[in-house]
Amino acid sequence: MARVLGGIGASHAPSMEQVYDRGHAGTEEWRPLFGAFDEVRKWLERIRPDVLFVVYNDHFDHFWLDAWPQFAIGVAEEYPIADEGQGARDFPPIQGHPDLSWHILRSLVADEFDITVCQEMEVDHGVISPLPMIDFSRGAGWQLPVVPFASNVILHPLPLPRRFWKLGQALRRAILSYPEDIGVVVVGTGGLSHQLTGPAFGAVKQDFDREFLKAIAADPERITHYTHEDLMKLGGTEAVEVVQWLIMRGALPASAVPHIEAYYAHRIMGYAVQAYEATDATKGTNA
Ligand code: FE
């Protein structure tokens with residue numbers, strides 16, 4: 001049976017990609033964030049997951065206004081890198097794990113979560129901004145196959161935060177019922193505080209960010225009591241993406257605690273990364 005080895009919560013942002021691609025990740029300015037990603041990479045290299053399940057939101061790079069799913073899973077063999085307007089980043093397509101994708105899809109639908117199926121999917125910075133920092137391929141393509149899972153935090157009405165939490169619990173059931181003995185790490189990307197439009201452009205809400213990091217670790221259900229409007233007021237309009245961490249946290253045992261954590265309020269964002277090693281990878285639920 002498959003195991004949930006742990007979880008990762010991570011900001012996603014084109015700015016992270018720029019820093020990485022220009023070779024600035026090790027600079028004094030960016031080490032407070034990228035140093036933690038190095039720790040995450042070393043941890044993954046030690047526990048050797050077979051697959052990453054990555055929850056993210058598309059930024060109008062694969063989906064468009066003609067049809068926007070609430071939740072969508074990729075079931076492809078591979079996922080090309082989306083061109084977000086400046087040419088696609090210089091990485092090969094990400095390898096998929098179609099068999100696990102289909103299993104999780106069937107299990108979620110049987111569990112009353114109706115998920116859009118994507119036979120083809122280009123992945124944007126929602127997936128690809130943290131990935132090069134945590135994959136341990138050392139330049140030999142990608143080491144870690146990915147199951148991409150897109151959620152709607154863009155076009156209202158959005159699924160409720162509670163829906164994300166419950167979906168995480170259903171995801172745990174889905175992974176644990178996969179018949180092969182593989183290890184999965186669940187990743188939730190997005191946030192933390194940022195606002196990219198209007199008079200509050202660039203506001204960073206450190207109090208909200210620190211409170212969120214505490215709550216997602218110790219009392220994640222508390223976050224389900226926020227409305228989308230609460231999250232946007234507290235963290236900035238784009239901060240509503242942080243609900244995607246609830247799927248990651250919902251897929252972990254309640255007892256999981258972050259063993260790697262960094263928060264870096266810098267320029268126009270509150271950046272964060274958190275990693276949880278699941279002490280009990282196969283048993284029970286988090287309910
Ligand atoms: Fe985003």
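The values are calculated or read from the model by the stated rules, or taken from the named source; none is laboratory data. This one's a predicted model, so the numbers in the text were calculated from it and none came from an experiment. All Cβ positions, glycine included, derive from the backbone under ideal geometry; neighbour counts span all protein chains shown.
Can you tell me which residue among PHE60, PHE53 is within 16 Å of the ligand (Cβ to nearest atom) and not in a helix (DSSP H, G or I)?
Working: PHE53 fails: within 16 Å of the ligand (Cβ to nearest atom).
Just one listed residue meets the conditions, PHE60.
Could you please find all residues in region 244-262 being assigned to a helix (DSSP H, G or I) and closer than 18 Å to ILE47 by Cα? Explain how you work it out, then say what you get.
Taking region 244-262 and keeping what is assigned to a helix (DSSP H, G or I), we get 244-250.
The answer is MET248, and nothing else.
Of the conditions (1) surrounded by fewer than 15 Cβ atoms within 10 Å (Cβ to Cβ); (2) touching a residue at least 12 places away in the same chain (Cβ under 8 Å); (3) more than 18 Å from the chain's Cα centre (by Cα), HIS259 fails just one. Which one is it?
(3)
Determine if region 239-247 includes at least one residue that is without any contact (Cβ under 8 Å) to a residue 60 or more places away in the chain and under 23 Å from GLN18 (Cα atoms). Lay out the reasoning, then the answer.
Step one: list which residues in region 239-247 are without any contact (Cβ under 8 Å) to a residue 60 or more places away in the chain, which gives 239, 242.
Filter once more, keeping what is under 23 Å from GLN18 (Cα atoms): 239, 242.
Among the residues of region 239-247, at least one is without any contact (Cβ under 8 Å) to a residue 60 or more places away in the chain and under 23 Å from GLN18 (Cα atoms), which makes the answer yes.
Given the conditions (1) in contact with an Asp or Glu (Cβ under 9 Å, 6 or more places away or on another chain); (2) at pLDDT 95 or above, report the number of the one that TRP142 does not fulfil.
In the conditions (1) in contact with an Asp or Glu (Cβ under 9 Å, 6 or more places away or on another chain); (2) at pLDDT 95 or above, TRP142 misses (2) alone.
Could we say that ALA217 is under 19 Å from the mean Cα position of the chain (by Cα), surrounded by fewer than 24 Cβ atoms within 10 Å (Cβ to Cβ) and at pLDDT below 95 here? Please lay out each step first, then the result.
Details: under 19 Å from the mean Cα position of the chain (by Cα): yes; surrounded by fewer than 24 Cβ atoms within 10 Å (Cβ to Cβ): yes; at pLDDT below 95: no.
Considered against the rule, which asks whether it is under 19 Å from the mean Cα position of the chain (by Cα), surrounded by fewer than 24 Cβ atoms within 10 Å (Cβ to Cβ) and at pLDDT below 95, ALA217 comes out as no.
Give the residues of region 104-158 that are within 16 Å of the ligand (Cβ to nearest atom) and of a type in the set (S, T, N, Q), sorted by residue number. If you could, list the steps in order and put the result at the bottom.
Narrowing region 104-158 to residues within 16 Å of the ligand (Cβ to nearest atom): 122-131, 148-156, 158.
Within region 104-158, SER129, SER151, ASN152 meet the criteria.
Restricting to region 167-201, what's the tally of residues that are touching a residue at least 12 places away in the same chain (Cβ under 8 Å) and either away from the ligand (no atom under 16 Å from the Cβ) or more than 20 Å from VAL153 (Cβ to Cβ) (or both)?
Of the residues in that region, 22 qualify.
Conditions: (1) without any contact (Cβ under 8 Å) to a residue 12 or more places away in the chain; (2) touching a Gly at 6+ places or on another chain (Cβ under 9 Å). VAL109 meets all but one. Number of the miss?
(2)
Say we look at region 1-44 and pick out the residues that are among the charged types (D, E, K, R) and in a loop (DSSP other than H, G, I, E, B); which of these is nearest to ASP135 (Cα to Cα)? Let's see the steps before the verdict.
Just the residues of region 1-44 that are among the charged types (D, E, K, R), to begin with: 3, 17, 21-22, 28-29, 31, 38-39, 41-42.
With in a loop (DSSP other than H, G, I, E, B) added as a condition, the list becomes 22, 28-29.
Numbers: ARG22: 18, GLU28: 22, GLU29: 22 Å.
Step by step, filter region 1-44, then rank; the result is ARG22.
Check VAL109, VAL146, VAL117 and return the single one that is buried (at least 23 other Cβ atoms within 10 Å of the Cβ) and among the β-branched types (Val, Ile, Thr). Talk me through it step by step, then tell me what you get.
Details: VAL109 fails: buried (at least 23 other Cβ atoms within 10 Å of the Cβ); VAL117 fails: buried (at least 23 other Cβ atoms within 10 Å of the Cβ).
Step by step, each of VAL109, VAL146, VAL117 is checked, and only VAL146 is buried (at least 23 other Cβ atoms within 10 Å of the Cβ) and among the β-branched types (Val, Ile, Thr).
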